[in-house]
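Every number here is computed from the coordinates shown, using simple stated rules; none is lab data. Remember, predicted model here, so these are calculated numbers, not experimental data. When we count neighbours, we look across all protein chains shown, and the Cβ atoms used for this are built from the backbone with ideal geometry, even at glycine.
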Amino acid sequence: MLRIDSHHHFWKFDAKEYGWIDEHMAVLRHDFLPADLHKEMAVAGISGSVAVQARQTVEETRWLLELAGQNDFIKGVVGWVPLAGPNVGAVLDQFAANPNLRGVRHVLQDEPDENHILREDFNRGIGKLTHHNLTYDILIFERHLPQTIRFVDQYPNQKFVVDHLAKPRVKYKAISPWREHMFELAKRQNVYCKISGLATEADHKKWTEEQLQPYIDTVIEAFGPRRVMFGSDWPVCLLALSYQRWVGIVAKTASRLSAAEQQRLWAETAIEAYGLS
């Protein structure tokens, strides 16, 4: 069965470039490059991937596109462009000529304005993505879901992918109102969801598989296997678990699905959402 890792990062570690990787994240304060990921993918039987931005610079996007051009297993890139900037159109025109650019992401979860996703300047940039057939990755915390639903409703023809199940409060075993908001968001057929980044929202040392399961079950029930996809969030996942263990956890859930549904979760949803070839 074809398997694609729809969410991972690369970096050459520099404390200034990656200020969010603090001294408490020693396991991440190293270089993580394509050769390192490819070893993990080979063990897990994963043949393709989507590289996602970890810095909010056009240089990051350019670098990821270079890596995709050098490594056949990288099937697409979700980069960063200045969506709220006056030059976003020109930047998109520059990058969109590269077939490996399949999406764009902005780190909304870190914006001090809780309603950044609804800002006029930000939305002017979002409005240009459909023209270039680019998907938008939504990176938020659970508390941003109400405004995210309002945001998505403005763009019925734009493809969206929710990263990391919208980061529920797993550490506190809180299921509501996250569950209700996810079911509401899932009513929008142009929205997909990644099963990724979940263990890192729990207590990194004390989480259990049983604690994660209700969140995985919820998104599969809400979005259906046709609109969920596997993502590792490597190397960030290493804060809580290994690449192989996360693959194993998702595989247990996937084994309860039909063969066709499993193929959607492992590959076909990502191919559809990002227009991968």
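Below are the figures for this structure:
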read-out: For Met1, Met182, order by how many other beta-carbon atoms lie within 10 Å, fewest first; value: Met1, Met182
read-out: Estimated D of the chain in µm² per second, where Rh is the Kirkwood radius over Cα pairs and Stokes-Einstein applies at 20 °C, 1.002 mPa s; value: 115
read-out: Relative contact order (%) - segment 4-274, alpha-carbon pairs under 8 angstrom, separation at least six; value: 18
read-out: Dipole in debye (nearest 20) - the chain, about Cα centre, beta carbon charges: Lys, Arg +1; Asp, Glu -1; value: 560
read-out: Of Val81, Ser6, Pro112, farthest towards positive along the dipole that unit charges on Lys, Arg, Asp, Glu beta carbons give the chain; value: Ser6
read-out: Least to most buried among Tyr243, Tyr172, Tyr274 (fewest other Cβ within 10 Å first); value: Tyr172, Tyr243, Tyr274
read-out: Per-residue Cβ neighbour rank within 10 angstrom, fewest leading, Val50, Val104, Val91; value: Val91, Val104, Val50
read-out: Relative counts (whole %) of C-alpha pair distances in segment 1-97, using bins that are 10 Å wide; value: 15, 42, 32, 11, 0
read-out: Cβ charges +1 (Lys, Arg) and -1 (Asp, Glu), total dipole of segment 25-121, debye; value: 340
read-out: Neighbourhood charge, 13 Å Cβ-Cβ cut-off, centred on Ala68 and excluding it, Lys, Arg +1 and Asp, Glu -1; value: 0
read-out: Hydrodynamic radius of segment 66-210 per Kirkwood, over alpha carbon pairs, in Å; value: 16.4
read-out: Segment 162-277 - charge dipole about Cα centre, Lys and Arg +1 at Cβ, Asp and Glu -1, debye rounded to 20; value: 160
read-out: Spatially close lysines, pair count over the chain: Cα under 17 Å, gap of eight or more or interchain; value: 11
